[in-house]
Amino acid sequence: MLKVKRIALEDINGIKDLELSFNEGFNFISGSNGIGKSTVIDCIASTFNRNIKTIRPHIDSSQGNIEIEVYNNKDEYRIFEIAKNNSEAVKFKDNIKSKEIVNFSIDRTNSFKLYYRNTSDRIQEWFYKNYYETKNLSEKSFRNLQIAKECFNRLDNNLEFSKVEKREWNENHSSRLSTPPILADIILNTPRGEIPFDYLSSGYKSCLILLLTIIKNTEVTSGTRDVHSFEGVILIDEVDLHLHPKWQGKLIEIFRWLVPNAQLIATTHSPHIIQMALPNEVIALGLSESGQVFRREVASSEYGFQGWTVEEILADVMGMENTYSELYVDEIHRFEIALSENDDQTAINAFNKLDEMLHPQSYLRKVLKIQMAPMRRKE
C-alpha cells in the first residue's frame, strides 16, 4: 500500500513556498497556467526516481527542497535537495522505495519514434502479448482481462470488445530493429458491425489508452492483485488532455470503478472534471499579489461541486477573473455607464450590440430590456 500524505516545496521552479496535503482517494489540482500544478506532480514522481527533467531551483535560489511524507506500509519522511544548474534528470540516492506508483506525464501520447507508429500501437501490442499470446493466464491476468474488456463498454455502451488480431508489417510501417515488435489490432463490435480500435474517435481512444495503461502498469506492480485492488498512487498531469467535455466527466466515473482503492493525484484545467469531484478532492492553487503560490480555500458541500455551473467553477474554484469575452465586458460596461449618465443613444447602441452578441435564450437579454424600458417610453 502506498499513499502520499503531504508535500512541501521550497524554491522549486516558480514556487517559493507551498505545502499541500492529500486525501487517500482522488485529488484534483486546479489553477491557472504556469502556477505550478505540473511541478507538484513532477516533484512527487521524482522522489520515487521517475527521472524527471523539469525540476530546478527557483531563479532566485541556489538550492531547492522537496519535503514529502508518504505511507508505504509505514510512515516515511524525506527531504530532497535540488542543486542549481543541474542539467541531468533528477534522481535521488535516498529515493522512496516503491513500485506502486504510476506516472503519466504531459507527453504521454507522444510517439515512440524508434519503431512504433503511436501510443495506440503500443497498448494494442501489450494487450495481444499479455492476454492472448500467453497460453496460461495467471488468475490476476485473467481478472484484469475481464476488467479491460468491460472498459470498452463503460466508455460507450454501443461498443463491445470482440477480439484482438495479430497484424502483419508492411512496407509503409517498417522497423529499425532486426526483430520487430508485434503489431496487433483490437476489434470492437458496434451497431454497424466490427471495426478496428484505430478507427474510433480520438477522444474514445485517448480514454481507453489511459485506462488500459493503468491496468498494464498496475499488473506489473501490484503482486497477485487485480487493478481493482491496486492500493498505490496514480499521477496524471492534465487528466483532461485532448478530451471533449463529454468524455471528461465519464472518465472520472470510470476511474472510480477501475481503481477504487488507489490514490489519484491529477492536474486539470477542466471545470467538467471539477464538477465530478467529491468533497475535499479539489486542491485549488492561487497566486497572491506578491506572486506567491498558495492553496486557495474553496467552499463546497457534501455533494462537492455537482450543482455548480461551469461559470461558477471557473470563477470561484479555478480563479478566472471573468468568464466573458473582453468585447462583451467592454460593451456591458459602456451600457451601464450610459444608463447612469442618462445617455440614451449610447445605451441604445450598446444594447443593440449586446442583443446580437448574447445567446438566443440568455436571461440577460430580458434584464437588459427591463433596464432599457424607461428609454423606450421616451421614444
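The values are calculated or read from the model by the stated rules, or taken from the named source; none is laboratory data. Please read all numbers here as calculations on a predicted model, not as lab measurements. Every residue, glycine among them, receives a Cβ derived from its backbone with ideal geometry; neighbour counts consider all protein chains shown. Ligands, DNA and RNA are stripped out before the accessible areas are found, and what is left, the full protein with its side chains, is counted by its heavy atoms. Shrake-Rupley method; radii C 1.70, N 1.55, O 1.52, S 1.80 Å.
Can you pull out the residues in segment 58-69 that are assigned to a strand (DSSP E or B) and either surrounded by fewer than 20 Cβ atoms within 10 Å (Cβ to Cβ) or at pLDDT below 85 (or both)? Residues satisfying the conditions are 63, 65, 67, 69.
What residue, among those in segment 304-319 that are free of Cβ contacts under 8 Å to residues at least 12 places away in the same chain and not charged (D, E, K, R), is surrounded by the fewest Cβ atoms within 10 Å (Cβ to Cβ)? Going through the qualifying residues, I end up with 307.
Looking across segment 220-261 at every residue that is hydroxyl-bearing (Ser, Thr, Tyr) and either in a loop (DSSP other than H, G, I, E, B) or touching a helix residue (DSSP H, G or I) at 6+ places or on another chain (Cβ under 8 Å) (or both), the one that is surrounded by the most Cβ atoms within 10 Å (Cβ to Cβ) is identified as 222.
Within segment 289-306, being part of a loop (DSSP other than H, G, I, E, B) and farther than 11 Å from residue 35 by Cβ holds for 289, 290, 297, 298, 299, 300, 302, 303, 305, 306.
Could you say whether any residue in segment 326-343 is surrounded by fewer than 18 Cβ atoms within 10 Å (Cβ to Cβ), at pLDDT below 85 and of a type in the set (Phe, Trp, Tyr)? Within segment 326-343, not a single residue is surrounded by fewer than 18 Cβ atoms within 10 Å (Cβ to Cβ), at pLDDT below 85 and of a type in the set (Phe, Trp, Tyr). Report yes if residue 292 is polar (S, T, N, Q), touching a residue at least 12 places away in the same chain (Cβ under 8 Å) and open to solvent by 50 Å² or more (accessible area, probe 1.4 Å), otherwise no. The answer is yes for residue 292.
In segment 272-280, the condition of being outside any helix (DSSP H, G or I), open to solvent by 40 Å² or more (accessible area, probe 1.4 Å) and among the hydrophobic types (A, V, I, L, M, F, W, C) is met by at least one residue. Taken together, the residues in segment 13-57 that are over 25 Å from residue 258 (Cβ atoms), open to solvent by 30 Å² or more (accessible area, probe 1.4 Å) and in a strand (DSSP E or B) amount to 3.
Among the residues of segment 129-157, those that are surrounded by fewer than 13 Cβ atoms within 10 Å (Cβ to Cβ), over 25 Å from the mean Cα position of the chain (by Cα) and not in a helix (DSSP H, G or I) comprise 134, 135, 136, 138. Return the residue satisfying two criteria in turn: it lies in segment 160-186 and is modelled with pLDDT of 60 or more and of a type in the set (D, E, K, R), and of such residues it is farthest from residue 149 (Cα to Cα). Among them, the one singled out is 168.
Looking only at segment 107-117, decide whether some residue is modelled with pLDDT of 70 or more and loosely packed, with under 14 Cβ neighbours inside 10 Å. Taking every residue of segment 107-117 in turn, none turns out to be modelled with pLDDT of 70 or more and loosely packed, with under 14 Cβ neighbours inside 10 Å. Looking at residue 214, is it of a type outside the set (Asp, Glu), within 23 Å of residue 249 (Cβ to Cβ), out of contact with any Gly (no Cβ under 9 Å at 6 or more places or on another chain) and in a helix (DSSP H, G or I)? When the stated conditions are applied, residue 214 passes them.
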